[in-house]
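> Submitted below is the structure of interest, expressed as structure tokens.
Readers should treat all values here as calculations from the given coordinates under stated rules, not as data from a laboratory. Note that this is a predicted model, so its numbers are computed, not measured.
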Amino acid sequence: MPDLSRARARMVDVQIARRGVRDPHVLNAMRQVPREAFVEPGFEEFAYEDGPLPIGEGQTISQPYIVALMIEAAEVRPDDRVLEVGAGSGYAAAVMSRIADRVYAIERHPSLGEAAQERFRRLGYDNIELRVGDGTLGWPDAAPFDAILVAAGGPEVPQALKEQLAVGGRLVIPVGAEEGHQTLLKVTRTGQANYEEEDLGGVMFVPLIGEQGWAEDRRRSA
Ligand code: SAM
């Protein structure tokens with residue numbers, strides 16, 4: 001694989017820091033993780049372009065800026081236990097694994113989940129656990145989580161994920177009635193039964209498909 005470390009450093013400066021992401025944990029982590037290892041073979045030279053790229057199964061690796069924005073919003077910190085729903089290529093989970101204590105990642109497509117796991121193994125990222133399944137139900141055995149990131153857009157915030165947040169925990173998720181156009185929400189659990197919601201702006205994500213997301217036929221919520 002070509003050495004793309006200069007392209008990576010430039011991507012972090014130009015696409016991320018200059019757009020206002022300031023969290024040093026996020027900037028450092030993004031300087032470390034080789035995005036070229038998370039794209040499809042043949043796409044390595046495009047790994048540091050400012051957009052999503054195809055990863056198979058009709059899915060994408062998210063734009064680097066969106067990954068940075070979501071991780072900053074989720075306030076991921078070194079002692080945290082983090083859940084990612086929609087692991088896809090594994091890139092965002094890999095970035096969070098360079099900050100947090102432990103990352104749990106769920107992907108519904110077995111082929112993507114297996115490829116992500118192989119990447120983690122090759123890179124020696126051994127604090128990530130990945131499971132193939134429906135992430136709208138969370139990962140009850142590993143809960144509570146200090147931060148939860150959802151990388152696909154659902155019709156509403158899954159109740160299971162709210163319940164699996166620690167008190168003080170942050171959930172960042174795209175939500176919208178229309179597929180492909182969502183609002184990025186930050187939900188903070190401020191007490192046992194109390195949640196605060198903040199609107200972080202408009203985004204476009206692939207659909208969150210599952211029991212507490214969209215139905216597989218994509219016409220109604222499950
Ligand atoms: N964070 C990913 C990355 O860095 O490559 C982005 C992945 S893509 C934008 C969203 C992923 O969510 C897709 O791979 C899709 O298969 C997955 N997905 C959709 N619904 C899901 C669900 N209920 N559980 C787990 N994964 C889901």
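> Note the direction-averaged projected area, equal to a quarter of the hull surface, for the Cα convex hull of segment 54-124, in nm². Provide the component values of the computation, followed by the final result.
Working: hull surface 18.0 nm².
Averaged projected hull area, Cα only: 4.5 nm².
> For segment 75-193, what Kirkwood radius comes out of the mean inverse Cα-Cα distance, in Å? Show your work: numbers first, answer last.
Details: mean 1/r = 0.0704 Å⁻¹.
Roughly 14.2 Å, rounded to one decimal.
> Same structure, new question: Please give the helix 64-73 orientation as an angle from the longest Cα principal axis of the chain, in degrees from 0 to 90, rounded to the nearest 10.
Tilt of helix 64-73: around 50 degrees.
> Moving on to the next point. Expressed in nm to one decimal, what extension gain is obtained for the pair Arg121 and Phe43 from 0.36 nm per residue of sequence separation less their Cα-Cα distance? Could you put the intermediate results ahead of the total?
Values: separation 78, 0.36 × 78 = 28.08 nm, distance 2.06 nm.
Extra length available between Arg121 and Phe43 comes to 26.0 nm.
> For helix 110-123, what angle does its Cα long axis make with the longest principal axis of the chain, in degrees from 0 to 90 and rounded to 10?
50 degrees
> Distance between Cα centroids, segment 111-153 to segment 167-222: provide it in whole Å.
18 Å
> Quote the convex hull volume per residue of the chain, based on C-alpha atoms, as a whole number of Å³.
On the way: hull volume 24.1 nm³, N = 222.
Dividing the Cα hull volume of the chain by its residues yields 109 Å³.
> Please work out how much length the chain gains when fully extended from Glu197 to Arg22, using 0.36 nm per residue of separation minus the C-alpha to C-alpha distance, in nm with one decimal. Can you show the working numbers first?
Numbers: separation 175, 0.36 × 175 = 63.00 nm, distance 2.18 nm.
Separation in residues times 0.36 nm, less the Cα-Cα distance, equals 60.8 nm.
> Debye calculation, C-alpha points only, no solvent: report log10 I(q)/I(0) for segment 119-174 at q = 0.29, 0.30 Å⁻¹, in the same order as the q values.
Result of the Debye calculation: -1.23, -1.27.
> So if I average 1/r over every pair of distinct C-alpha atoms in segment 1-91 and take the inverse, what Kirkwood radius in Å does that give?
By the Kirkwood definition, the hydrodynamic radius is 13.6 Å.
> Given Cα positions, please report Rg to Rh for segment 154-222, the hydrodynamic radius being the Kirkwood one.
On the way: Rg = 12.3 Å, Rh = 12.4 Å.
We get a ratio of 0.99 for segment 154-222.
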